[in-house]
Amino acid sequence: MADVVTVPQVQPVQPALRFLRVIPGVLLLGAIGYAGKLLEQNVGAYAKAHHWTFPNIEYVLWAIVLGLAISNTVGVPEIFRSGVATYEFWLKAGIVLLGARFLLGDILKLGGVSLVLVAIEIVGSLAFMTFLGRLFKLKPKLTTLLAVGSAVCGVSAIIATKGAIEADDEDSSFSIAAILALGALALFTFPVIGHFLHLSDRAYGLWAGLGVDNTAEATAAGALYSDAAGKLAVLVKSTRNAMIGFVVLAYAIYWASKGQAQAVGNKAAFLWQKFPKFVLGFLLISVLATYHFFNKDQVGALANLSRWAFLLTFAGVGLRTNFRDMRKQGLRPFAVGAIGEVAIAVFTLGLVIGAEKIFGF
Amino acid sequence: MGAERKAENNESRWKLSLDSWAVVVALLAALLIRAGVFKHIPW
C-alpha cells in the first residue's frame with residue numbers, strides 16, 4: 001500500500017463566511033456615506049440659518065473627507081477591511097444602474113465624440129509616459145505599468161497588464177500607489193480648476209472622464225462638480241475602460257516579442273477576459289430604458305439605487321487612501337506619474353475645449 | 001493530483017469576476033424594481 005502523505009491544505013473560505021466577513025466594512029461604508037449625506041443637508045441649513053457664507057459641500061466630498069480622516073488618523077481596523085474593499089463592487093453596480101439615466105441616442109452621440117477623444121488621449125498619454133519613463137531611467141516594465149495606468153483606467157489596467165507582461169509585484173505596487181495618490185489629488189484639484197475656468201457641465205464631465213485615471217476618482221471628481229458632469233464623466237471613463245483589452249493585448253504582444261512574457265494564444269478570448277463587463281451591463285440597462293422597459297418612477301428608483309451604490313463607493317475611496325503608505329513607495333515613480341498626470345490633464349483640457357468649439361456642446 | 005487540478009480549473013472557470021457579479025446584482029435589482037417588488041427607492 002502506498003504511503004499516505006498528508007499535505008497541509010489551505011481551507012477555502014466558505015461563501016457564507018466570506019459574506020459575513022464583508023458585513024462590518026459595508027456597514028462602515030454605509031455609515032460614513034450616510035453621515036456625508038446628513039452633513040450635506042444639515043451644515044448648509046445651519047449656515048443659512050445663522051447667515052454664514054458657507055459653500056454648499058456635496059455628500060460626495062463629505063464622504064471622501066470623512067473616510068480620509070479615519071484612514072489617516074486611527075486607520076481602518078482589520079475587521080472592516082474586507083468590507084471596505086467592496087467599494088469597487090458598489091462602483092460597478094452603480095455604473096450599471098446609472099445606465100437607466102442614459103438614452104441610447106445620448107450614448108451614441110456622446111460616446112462617439114468621447115471615443116475619438118479617448119483614442120487621442122490614450123495614444124498621447126502612452127507616448128508621453130513612455131518618454132518620461134525613459135527620461136527618468138525607470139525600469140521598462142514599471143514604465144509600461146505607469147503608462148497604462150495613466151492612459152486607460154488606473155488600478156484595474158495596471159493589474160490586468162501586470163499579469164499579461166509578467167511584471168514584478170514591486171513595480172505594480174509602485175504604479176498603483178502613484179496612480180492612487182495622483183487620483184486623490186485630482187479629486188480636489190479638478191473641480192476647483194473647472195469652476196475657475198467656468199467650464200460647462202458637459203466640458204467638465206468630459207475632462208474628468210478623460211483626465212482622471214481611476215474609475216472611482218473620475219466618478220467622484222465628476223459628481224463633485226454637478227450631477228450632469230458626474231453622469232458624463234462616468235460615460236467617458238467607461239469608454240476609456242472599454243479600451244483596456246486592446247491596450248493590454250498590444251503590450252502583452254510587445255513584451256512576448258522581446259521574450260519577456262508569455263505569448264498570447266487566443267486573442268479574442270484574451271480581449272473578452274480583459275473587457276470590463278460592467279460596460280455591457282450599463283449599455284443593456286440603457287437599451288432597456290430607451291425602449292421603455294422601465295416606467296418613469298422605475299427609472300427614478302434605479303437612479304436613486306445607483307446613488308446609494310456611489311455613496312458607498314465614495315466612502316471607500318476615502319477609507320482606502322492612506323498618504324503614509326503612499327509615501328513609503330518612493331519618489332521617482334511618483335514624480336514621473338505626477339509630471340505625466342499634469343501634462344495629461346492639460347492636454348485633455350485642451351482636447352475638451354477644442355471639441356467643445358468644434359462640436360458645439 | 002491531475003484530477004484535482006482539473007476539478008479546480010473547472011471550478012474557477014465557473015467563478016464570476018467582481019465585474020460580472022456587479023452586473024448580475026445590478027440587473028437583478030433592476031428586474032425587482034421592474035416587477036414592482038421595490039416600488040420606491042428614497043434618496
Can you bin the range A:58-178 into rounded, prolate or oblate? Criterion: square roots of the alpha carbon gyration tensor eigenvalues sorted a ≥ b ≥ c, rounded for a/c under 1.5, prolate for a/b above b/c, oblate for the rest. oblate
From the Cα gyration tensor of the range A:249-321, with a ≥ b ≥ c the square roots of its eigenvalues, which class applies: rounded if a/c is under 1.5, or else prolate if a/b is larger than b/c, or else oblate? oblate
Given springs between every Cα pair under 10 Å in a Gaussian network model of chain A, which of A:PRO276, A:PRO15, A:PRO333 has the largest fluctuation? A:PRO15
Along the charge dipole of the protein assembly as shown, pointing to its positive end and built from +1/-1 on Cβ of Lys, Arg, Asp and Glu, which listed residue (A:SER286, A:PHE128, A:VAL76) has its Cα farthest out? A:SER286
Rounded to the nearest whole number, the Stokes-Einstein translational diffusion coefficient of the range A:24-359 at 10 °C and 1.306 mPa s (Kirkwood radius, C-alpha pairs) in µm²/s is 78
How many angstrom lie between the Cα centre of the range A:21-63 and the Cα centre of the range A:237-271? 42
Yeah, the range A:38-85 with a ≥ b ≥ c from its alpha-carbon gyration tensor (a/c under 1.5 is rounded, else prolate when a/b outruns b/c, oblate otherwise) is prolate
HN-Hα J in Hz across the range A:222-235 - Karplus 6.51, -1.76, 1.60, θ = phi - 60°, x for Gly and Pro: x, 5, 5, 7, 5, 4, 5, 5, x, 4, 5, 4, 5, 4
Inter-probe distance in nm under a simple model that places probes 7 Å from Cα toward Cβ, at A:LEU17 and A:GLN273: 2.9
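Rule-based calculations on the coordinates, nothing more; no lab input. Just so you know, these numbers come straight off a predicted model, no measurement behind them. When we count neighbours, we look across all protein chains shown, and the Cβ atoms used for this are built from the backbone with ideal geometry, even at glycine.
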